[in-house]
Amino acid sequence: MEQHLDNPLSIREIAGRTRCSTRTLEGLFRNLVQTSPAAYYLALRLQSARRLVADTNLPMADIAVRTGFSSIASLSRAFRRRFGQPPTAARRGSKIQSSRHSG
């Protein structure tokens, strides 16, 4: 999953690569990480997006592409649901905090 953040695989493709059924894969995920494979994959993509927002000056469109979102709007919606603010606000906040720590 981590190797395919920019072009996410379907759960069916992941199951095929691990030589198990989608049902088995979903059961394993629920037992091991208490979530579905799709939710886990989304969390990985959003964590990567959060790092790119905070640590780079990449445009939001590039961050969306690198983390497998079809548009800035879909990245922004998912980001806001997960972190409580849009990525642009998170970027402004990280710049404010880093300037406080460097002074």
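The values are calculated or read from the model by the stated rules, or taken from the named source; none is laboratory data. Just so you know, these numbers come straight off a predicted model, no measurement behind them. Note that each Cβ is placed from the backbone with ideal geometry, even for glycine, and that neighbours are counted across all protein chains shown. Quick note on the areas: whole protein, heavy atoms, side chains included, nothing else; ligands and nucleic acids left out. Shrake-Rupley method; radii C 1.70, N 1.55, O 1.52, S 1.80 Å.
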Which condition from (1) open to solvent by 70 Å² or more (accessible area, probe 1.4 Å); (2) at pLDDT below 95; (3) assigned to a helix (DSSP H, G or I) is the one that N57 breaks?
(3)
Flagged pairs (Cβ under 6 angstrom, 6 or more apart or on separate chains; first in the stretch 54-74, of a type in the set (G, A, S); second surrounded by 12 or more Cβ atoms within 10 Å (Cβ to Cβ) and in a helix (DSSP H, G or I)) are A54/S94; A61/I72; A64/I72; A64/L75; G68/R45
G68 vs (1) in a helix (DSSP H, G or I); (2) open to solvent by less than 30 Å² (accessible area, probe 1.4 Å): all pass except (1)
